[in-house]
Every structure is written in structure tokens, then in C-alpha cells.
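Worksheet: the structure to be examined is printed underneath.
The values are calculated or read from the model by the stated rules, or taken from the named source; none is laboratory data. Keep in mind that this is a model prediction, so the values were computed, not measured. Cβ coordinates were reconstructed from backbone atoms using ideal geometry, including for glycine residues, and neighbour counts include every protein chain displayed. With ligands, DNA and RNA removed, areas are computed over all heavy atoms of the protein, side chains included. Shrake-Rupley method; radii C 1.70, N 1.55, O 1.52, S 1.80 Å.
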Amino acid sequence: MYFFLLGIITPAWKKKSNYELIPFCLCLSTIRLSGLRSNPEQCKAIQHIVAGTAKPAPYLLFGPPGTGKTETLVEAVRQIVKTHPSCTILVCVPSNSAADHICEKILEGPIDIHKFYRFYALHHPLGNIRLNAKFPCNLNRSKNAFMAPSKEALMKYKIIITTLQTAGRLVTGGIPPGHYNYIFVDEAGQAAETECIIPIAGLLKPETCQLVLAGDPKQLGPIITSKIARKHGMGVSLLERLMRDIELYKSHEIHGFNHRFVTKLLRNYRSHPAILKVPNELFYEGELQPYAQKEKCSSYCKWEGLPSKDFPLIFHGVAGSNERDANSPSLYNLAEVDVLKEYLKSILYCLHKKGVTKIPPGEIGIISPYRKQVEKIQSALYMDKDLRKENLENILVGSVEQFQGKEFKVILVSTVRSNPKLTAHKEKFSLGFVSNEKRFNVAVTRAQALLIVVGDPRALKTDHIWNK
């Protein structure tokens, strides 16, 4: 498949200069882009996607944290329906929750619901579907089971949304290559390359279909459990491989990215500038611009727990120790758990003073890279006599992987790793996967208004990313 894509891409850059401008079939003045806040990068990406300027090569939407990747794809779908009503669109994502989210987003706009279809896997658990969902899908309500529609029925819909794996049903169901004019893959940076190929290999006709991959190769990639698969490169997504290996998708030192083939979104609508600064400099060449609404990202700037007002970022040094249970290789650090509890109590006290009696979803998240530390934190919250009185059901405690794609007003991070003996300047010390750059990037970019990191500075400063 890699060589197949090379065959698609190579002629495109041989025939045209990478920075040659080509006429659009759509121009910005003729498109009314709803809800995109006059974002030039989003508008430019939508223009190129709708016009199919990258064909036969894939078009890449490089979206750093909080820059609105999904919103851009959703608006592109709406514009295609509006300007090219005869075109057919397939939207694929790695997970069912992401597919349902895109469904809801698309249907917020003026879309004819009868042209729209959500295709679930036949084995999808019924308990995980919102039975009051308004979008048409393959749930047979009389039999209370998912059914496989006929090829003729599926080909009547203008927009089909499904997971990457379930897209294989469209192939085996007989839908011919070339039926779809646009194939979108959102969260392509998280999808395994083999998974991403499913709708491409069976349904893509490069000359007539514009393939669009959206994601961020700087965040966590696909979860690969097989050591053999990782050894042979399967831990790299198709999106990352294209941006890493193909000149067409690399940034030119003077001209930047060739917008005919790739757009990098630059406006961050999530985080306070103080939270955004370090990951911006480390991973995004300092190009990200803070555009978060002030009332959202500054809501904790006067919190009494801040050492410096209007700077909602805390690193709390803890000289704890690593512990490990006999039946588990995973590490935990109880000293950090105690510190996290005190911060959480202070935040809850602040919310109560504002009249908030129940913590809303998306307010507080607690991240640790170690599964055992996650368990210890969850247990500590339940056992603490003060916290037990609180309603904590909307506080998410989990691993970095569980937080990718999510955002919270407040994020607390427990890094766990500590070494009390680490005193010599040149002493060697391994942070394990705490030192993984992508995990770091995801962990520190989930917060909107307050980020608190708890860890041992003696250990963390040995890694150049954490040292920054």
C-alpha cells in the first residue's frame, strides 16, 4: 500500500512545482463558512478539499491540539453537499464514539437527514448506542439488532459515516471503487496504518476521489500490542509516514507547507497562552496562536492556589519514591497521590465558593502514565473522608491514552517517576515511557484554564523535553 501511495503522489509533484498556484473552483468570497471564526487556515483547507486540488494524492490536514480539526472536516462536508450536491462522501474514524460525535456535528448544520447514514458494525453493543439518536442508521428497532443494508440501499446515501474497520463491509458488500468522490479519515494520526488502508484499498479511485487524512503526528499514534508489528514499523500511522517520508508533505524552509496538498492549522482555541507556550515551542515551531475565549481559559487565573496570579501553570516538586506491587510491573508514587488530593480539595473549595455544587463534565481530569498510579489515585479519592462527601463521578482519572482528543478546564498530572539517589550531575537514569514525547504533548495540552504537574524535578530534568 505504501508503494501504491507513492505511485499516486510522485506524478503530482513531478508535473507541477510544489508552490505553483492553481485556480480554485471555489473562492473564499463565494463560500459562507459557518462557525469558523474567520480562521484563514481552516478556510484555506476547506477550499482545497472541496476543489480536490491534491488529486490523485491524499490531502493532509495537520491539526495540533485544540485547533479544530474535526470542525474543519465537518464544514468541508457541508460545503461539498452545498456546492456539489451529486457527490458522495464517506467519513471514517477509528472509534465509534468519534463517529457518533461527527454525526452530531454534521447534523447541527443544514443537512438533509435523508441523505445521511451512520453505519454501525453488526456486533456493536446495543447498550452503547443512543437509541434516541436522530440520525438514520442500520439499527433494526423491531428486531433490536444491527442489520447489513443492501448495496443498493447504501449507494442511495450521499454521506456515510462509519469506523475504519466497518468500512470493510462496504467493500465486501460490493460498492464499487469510484462510487465515493470524497473519503475522509479523521483522527488518522491515531489509526493503525493497516486499519487506515481498509476504505482506501477497496473504495478509492484516485483520479476521481479526493482522500483527506486529518490528525496530528505529534500526538499519540496507534496502539500496537505486538512487538513484531512495532519492530516492522506498524507503530507509525499512515499520516505520520506520509509527513515524515514524502517530500510533498514536508514544510519548506521559506514557503512552509504546500497548501495544495497539506494545511497546518495554527489557531489554538483551547488553552491559556501560558499552558500552550512549552508544547508550542517544542513541537510546533512556535507557530500556534492562542485564540481561546478569555472567559474560558482565564477562569482559574485568580485561584488562590496559584503562586503567580494570571499564570495558571504549576509544577509541584515531590521527593517521593517509586513503588511496585509484587503482582504488577506498574509503578506508583503515594507521595504524589497525597499532593494531588490537596490540590483537588482546593479546586473544589474554589468551585463551591462560586456556587458550583456538582462538578460538571469536562471540568477536572487527572492523568498518570502508569496504570497502577491511576488505580491508587482512584482509590485515594474514594477513601478520603472529605472527598467522599463530594460528587466526583464527572472527574476522569486515567492514562494519557484515555485523554487523547479530550479537553478539561483543569488537568492534574502525576508523573510518578522518582529516584531519591539521583544526586550526581552525570548519573544515568531512565524515565521509561514518561520520557515519550507524544505522551508528554498529549498530557500537557488537555488543559484549558489550569495545568498542575506533580513530579520529582531531579528525575524529570534528566529528559530534555521535561527539562524544558
Filtering region 327-374 down to residues that are more than 18 Å from A447 (Cβ to Cβ), of a type outside the set (S, T, N, Q) and open to solvent by 70 Å² or more (accessible area, probe 1.4 Å) yields P329, L334, D338, E342, Y349, H352, K353, K354, K358, R371
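From the list I102, I111, pick out the single residue that is within 17 Å of T88 (Cβ to Cβ) and modelled with pLDDT of 90 or more. Give the steps one after another, and end with the answer.
Numbers: I111 fails: modelled with pLDDT of 90 or more.
Unique residue meeting the criteria: I102.
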Which numbered condition G168 misses (of (1) under 20 Å from I102 (Cα atoms); (2) outside any helix (DSSP H, G or I); (3) in contact with a Gly (Cβ under 8 Å, 6 or more places away or on another chain)): (2)
Got at least one residue in region 222-235 being on the phi > 0 side of the Ramachandran plot and surrounded by fewer than 14 Cβ atoms within 10 Å (Cβ to Cβ)? yes
The one condition P273 fails out of (1) of a type outside the set (F, W, Y); (2) touching a helix residue (DSSP H, G or I) at 6+ places or on another chain (Cβ under 7 Å); (3) within 30 Å of Y249 (Cα to Cα) is (2)
Single residue of region 454-468 satisfying the filter (open to solvent by less than 10 Å² (accessible area, probe 1.4 Å) and in contact with a strand residue (DSSP E or B) (Cβ under 8 Å, 6 or more places away or on another chain)) that is nearest to S308 (Cα to Cα): V454
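Name the single residue, out of those in region 399-430 being assigned to a loop (DSSP other than H, G, I, E, B) and open to solvent by less than 10 Å² (accessible area, probe 1.4 Å), that is modelled with the lowest pLDDT. Even if it seems obvious, please write down each step before you answer.
Initial filter on region 399-430 (assigned to a loop (DSSP other than H, G, I, E, B)): 399, 404-407, 415-430.
If we keep only those that are open to solvent by less than 10 Å² (accessible area, probe 1.4 Å) as well, we get 415-416, 418.
On the way: T415: 94, V416: 93, S418: 87.
Result: S418.
Here is a check on your reading of the model: is F135 open to solvent by less than 30 Å² (accessible area, probe 1.4 Å), of a type in the set (F, W, Y), more than 19 Å from N181 (Cα to Cα) and touching a helix residue (DSSP H, G or I) at 6+ places or on another chain (Cβ under 9 Å)? Steps first, please.
Values: open to solvent by less than 30 Å² (accessible area, probe 1.4 Å): yes; of a type in the set (F, W, Y): yes; more than 19 Å from N181 (Cα to Cα): yes; touching a helix residue (DSSP H, G or I) at 6+ places or on another chain (Cβ under 9 Å): yes.
It is true that F135 is open to solvent by less than 30 Å² (accessible area, probe 1.4 Å), of a type in the set (F, W, Y), more than 19 Å from N181 (Cα to Cα) and touching a helix residue (DSSP H, G or I) at 6+ places or on another chain (Cβ under 9 Å).
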Looking across region 339-366 at residues that are in a helix (DSSP H, G or I) and without any contact (Cβ under 8 Å) to a residue 40 or more places away in the chain, the single one that is nearest to R270 (Cα to Cα) is L351
Restricting attention to region 189-200, does a residue exist that is open to solvent by 40 Å² or more (accessible area, probe 1.4 Å) and farther than 30 Å from V278 by Cβ? yes
Say whether the condition of being under 20 Å from the mean Cα position of the chain (by Cα) and among the basic types (K, R) is met by at least one residue in region 193-215. no
Quick one: in region 303-326, of everything that is in a strand (DSSP E or B) and not acidic (D, E), which residue is least open to solvent (accessible area, probe 1.4 Å)? I314
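Going by the structure shown, is T10 of a type in the set (S, T, N, Q), within 23 Å of I246 (Cα to Cα), at pLDDT below 95 and out of contact with any strand residue (DSSP E or B) (no Cβ under 8 Å at 6 or more places or on another chain)?
Considered against the rule, which asks whether it is of a type in the set (S, T, N, Q), within 23 Å of I246 (Cα to Cα), at pLDDT below 95 and out of contact with any strand residue (DSSP E or B) (no Cβ under 8 Å at 6 or more places or on another chain), T10 comes out as yes.
Can you tell me which residue is surrounded by the most Cβ atoms within 10 Å (Cβ to Cβ) among those in region 90-111 that are in contact (Cβ under 8 Å) with a residue 40 or more places away in the chain and not in a helix (DSSP H, G or I)? Write out each step before concluding.
Step one: list which residues in region 90-111 are in contact (Cβ under 8 Å) with a residue 40 or more places away in the chain, which gives 90-96, 98-99, 102-103, 106, 109, 111.
Subsequent filtering for residues that are not in a helix (DSSP H, G or I) retains 90-95, 109, 111.
On the way: L90: 25, V91: 25, C92: 30, V93: 25, P94: 24, S95: 15, G109: 15, I111: 18.
My answer is C92.
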Would you mention how many residues in region 213-230 are at pLDDT 90 or above and among the basic types (K, R)? 2
